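Taking it in order: structure first as structure tokens, then the write-up.
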Amino acid sequence: MIGNAEVKKIVEGYDQKKLAIGTLGSHSSLNIFKGAKEEGFRTVCLCKEKDAIMYHKYPLVDDLIIVKDFTELLSEKMQERLRKLNVILIPHGSFTAYLRTEELTDSLMVPMFGNRQLLHWEANRKSQEEWLRQAGLRLPATFKTPEDIDRLVIAKLPGAKGGRGYFLAHSPKTFHKKFGELVKRGMLKEDDLSGIHLQEYALGVNVYPSYFSSILQDDVELLAMDRRYESAVDSIGKIPAAEQLEIDVNPTYTVVGNFPMVARESLLPELMSMGDNVHKKARELAPPGIIGPFCLETVITDELKIFTFEISARIVAGTNVGIGTSPYAYLKYGENMYMGRRIALEIKQATSQNRLLEVVA
Ligand code: AMP
Ligand code: AMP
């Protein structure tokens, strides 16, 4: 694990008047780069050749570094180059999707905005659950083995893969049947079985509140909210029930995009307290707690019970719906505040208050 002392040394070697904000070219990079530009930072993007078009059409990047693969971020040469550019990295979903947690915590000698230690809490389902439960959140029940299934469950593969390969089952028998089908279709592998996480299916609508934990302001801000557009699950309703039965359709959850949303106002006090409590608990587990953006993935039932099934302790792509302004960011900041900009603002203020080391790890 890269420690505070090592990061401190790098940051102290930086020209803090010329800090750059860097990230991988995908997921929420446009959100992050736009925010960085609006707060006056240089921007650095590691990007695959095929994706470079995005940064030509939206010219938000000062240094576009073409890579064959995102793992090039781990090479000593690349890291040296980023350090020379005074880069603060902003981790997003592609970091955890394409790099291993240990690589992020142990091999990335470039300062990152956020709390590196929390990556371990987030990456492991068991510790993540412990964290959320101890924060007083309501979680769906989990089942140790397929043989224990006694109600509708959602079977999940480890790692955030946009819900690809998730499936539903309501008994040990339906579980094994569906698992077998997905293996046959090449969506799962036989040895995925041991890593599958079985969670009670919470019947309700998905709500993804996004928060920003500000170390400087000592506050957790509710800044955005979205819901996802998932294929194929969001399209199944377009097929009449009789055909659904005939083709024995299996809902999958590959995320294609997101919709902005606002919650019924009476839900806000609970959603806000949940954000506060998750940060408070994180502060005990890994001081100083969450630094910057995080998102709770929830399902809200018809009894208005809020079930949390996951946390992302980083910017989520759902905040892209707020590029420009989200209603919640507007309530606190007025126009033109959004997650990417909020990150840049925190870094800018930390730098001017000589507190940069408190927000990077
Ligand atoms: P990508 O770079 O698009 O492959 O995304 C990296 C990770 O973030 C994957 O696990 C995706 O499923 C997830 N992801 C990407 N875009 C979104 C989105 N709009 N909403 C939710 N998750 C996303
Ligand atoms: P995830 O990859 O964990 O974000 O989950 C992908 C999708 O699966 C979510 O957006 C939900 O639609 C669905 N989902 C995950 N867990 C549950 C749950 N416990 N109950 C109901 N739906 C869920």
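The values are calculated or read from the model by the stated rules, or taken from the named source; none is laboratory data. Source: prediction; values computed, not measured. Glycine also receives a Cβ, built like all others from the backbone with ideal geometry; neighbour counts cover every protein chain displayed. Heavy atoms of the whole protein, side chains included, go into the accessibility calculation; ligands, DNA and RNA do not. Shrake-Rupley method; radii C 1.70, N 1.55, O 1.52, S 1.80 Å.
Check off (1) touching a helix residue (DSSP H, G or I) at 6+ places or on another chain (Cβ under 8 Å); (2) in contact (Cβ under 8 Å) with a residue 40 or more places away in the chain; (3) away from ligand 1 (no atom under 16 Å from the Cβ); (4) open to solvent by 20 Å² or more (accessible area, probe 1.4 Å) for residue 155 and give me the number that stays unchecked.
Single failed check for residue 155: (4).
With the checklist (1) open to solvent by 10 Å² or more (accessible area, probe 1.4 Å); (2) closer than 27 Å to residue 22 by Cα; (3) part of a loop (DSSP other than H, G, I, E, B) in hand, flag the one item residue 283 doesn't pass.
(3)
In segment 76-113, which residues are buried (at least 16 other Cβ atoms within 10 Å of the Cβ) and within 16 Å of ligand 1 (Cβ to nearest atom)?
89, 90, 91, 92, 93, 94, 95, 96, 99, 101, 104
Does segment 1-19 hold any residues that are polar (S, T, N, Q), over 26 Å from the mean Cα position of the chain (by Cα) and either part of a loop (DSSP other than H, G, I, E, B) or over 14 Å from residue 88 (Cβ atoms) (or both), and which are they? Show your work before the answer.
If we filter segment 1-19 for residues that are polar (S, T, N, Q), which is where we start, we get 4, 16.
Now narrow it down to the ones that are over 26 Å from the mean Cα position of the chain (by Cα): 16.
Within segment 1-19, no residue meets the criteria.
Is it fair to say residue 133 is assigned to a loop (DSSP other than H, G, I, E, B), at pLDDT 95 or above and basic (Lys, Arg)? Even if it seems obvious, please write down each step before you answer.
Numbers: assigned to a loop (DSSP other than H, G, I, E, B): no; at pLDDT 95 or above: yes; basic (Lys, Arg): yes.
Answer is no for this residue.
I need the strands (runs of 3 or more DSSP E) fully contained in segment 163-256, keeping only those with at least 3 residues that are within 16 Å of ligand 1 (Cβ to nearest atom) and in contact with a Lys or Arg (Cβ under 7 Å, 6 or more places away or on another chain). Even if it seems obvious, please write down each step before you answer.
Numbers: elements: 167-169, 197-200, 205-214, 219-232.
Fully inside segment 163-256 and qualifying: 205-214.
Enumerate the pairs (first residue in segment 178-198 and more than 22 Å from residue 142 (Cβ to Cβ); second residue anywhere and in a helix (DSSP H, G or I) and open to solvent by 50 Å² or more (accessible area, probe 1.4 Å)) with beta-carbon separation below 8 Å, excluding pairs fewer than 6 apart on the same chain, so at least 6 apart or on different chains.
Close Cβ pairs satisfying both conditions: 183/190.
May I ask you to verify whether residue 192 is surrounded by 15 or more Cβ atoms within 10 Å (Cβ to Cβ) and either modelled with pLDDT of 95 or more or more than 21 Å from residue 298 (Cβ to Cβ) (or both)?
Working: surrounded by 15 or more Cβ atoms within 10 Å (Cβ to Cβ): yes; either modelled with pLDDT of 95 or more or more than 21 Å from residue 298 (Cβ to Cβ) (or both): yes.
Spelling it out, residue 192 is indeed surrounded by 15 or more Cβ atoms within 10 Å (Cβ to Cβ) and either modelled with pLDDT of 95 or more or more than 21 Å from residue 298 (Cβ to Cβ) (or both).
Which pairs turn up if I take residues in segment 63-82 that are in the same structural domain as residue 47 (by TED's automatic domain parsing) and look for partners that are among the hydroxyl-bearing types (Ser, Thr, Tyr) and open to solvent by less than 60 Å² (accessible area, probe 1.4 Å) with beta carbon separation below 7 Å, at least 6 apart in sequence or on another chain?
Between residues of segment 63-82 that are in the same structural domain as residue 47 (by TED's automatic domain parsing) and residues that are among the hydroxyl-bearing types (Ser, Thr, Tyr) and open to solvent by less than 60 Å² (accessible area, probe 1.4 Å), the close pairs are 64/55; 70/94; 74/107.
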